[in-house]
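The values are calculated or read from the model by the stated rules, or taken from the named source; none is laboratory data. Keep in mind that what you see is a predicted model, and the values were worked out from it rather than measured. Backbone-built Cβ (ideal geometry, glycine too); neighbour counts: all protein chains shown. The accessibility values were calculated without ligands, DNA or RNA, using every heavy atom of the protein model including side chains. Shrake-Rupley method; radii C 1.70, N 1.55, O 1.52, S 1.80 Å.
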Amino acid sequence: MEIKTITVGTSQTNCYIVYDQFGGEASVIDPGAEAEKILTFLSEKRLKVKNIFLTHGHFDHILAVQQVQEKTGARIVIHEEDAECLQSSSMALYNSIMREPFRVSRADIRLRGGEKTLVGDVEAEFMHTPGHTPGSVCIIMDNVIFTGDTLFEGDVGRTDLRGGDEREMRYSLARLYRLPYDYIVYPGHGDPTSLGIERDTNEYLRAAVGR
């Protein structure tokens with residue numbers, strides 16, 4: 001499994017492309033803007049995109065979804081609690097002064113949490129982690145976890161935006177803390193980290209389990 005990070009948009013969102021370099025199958029996680037950068041990489045690598053996985057529905061994670069889906073035919077996968085964000089700019093917290101237009105798209109698969117699917121020959125599992133948004137998910141693949149805006153290096157996602165819930169966030173963080181392995185963490189913004197490092201140093205993650 002190969003992972004390509006493309007940082008896009010004014011919010012510097014991490015869009016991840018997970019792919020099998022031999023079979024050529026790929027999944028795109030959080031195409032938040034600048035579709036041309038994402039599509040150029042896919043074309044250069046001759047990748048066939050099967051899925052567009054969305055960790056949540058805020059604008060900075062979805063603005064290029066429609067364009068990527070149109071070019072690749074990939075299915076759009078998002079939690080049912082955030083699916084409306086794909087069709088409602090207000091639900092996605094989009095502001096009309098932003099550089100990129102809001103393009104409406106529609107979920108092909110609405111998650112509830114706990115689902116699994118294959119990305120090439122690697123299993124992807126969707127863990128429902130509400131708090132930042134009602135439909136936030138983390139995506140676990142092998143020894144990697146894509147945490148969206150739930151967990152960052154030394155920080156966690158905001159809960160003061162519409163749909164945020166501090167109590168739900170604490171519960172989600174506690175579940176992440178108790179995962180059995182030391183996953184590599186690929187967050188929605190910023191640098192990668194590891195769950196082991198965050199268990200030891202992230203005050204918000206530690207507070208969620210009373211450490």
Any idea of the accessible area per residue across segment 59-119, 1.4 Å probe, to the nearest Å²? 54
Simple Cβ-charge dipole of the chain, Lys/Arg +1 and Asp/Glu -1, about Cα centre, in debye nearest 20: 300
Can you pull out the trypsin sites (Lys or Arg not before Pro) in segment 1-55 whose DSSP state is coil and whose Cβ has at most 15 other Cβ atoms within 10 Å? 46
So if I take the alpha carbon set of the chain, get Rg, then get Rh from the Kirkwood formula, what is the Rg over Rh ratio? 0.94
How are the alpha carbon pair distances in segment 129-211 distributed across 10 Å bins from zero to the largest one, expressed in percent? 21, 59, 20, 0
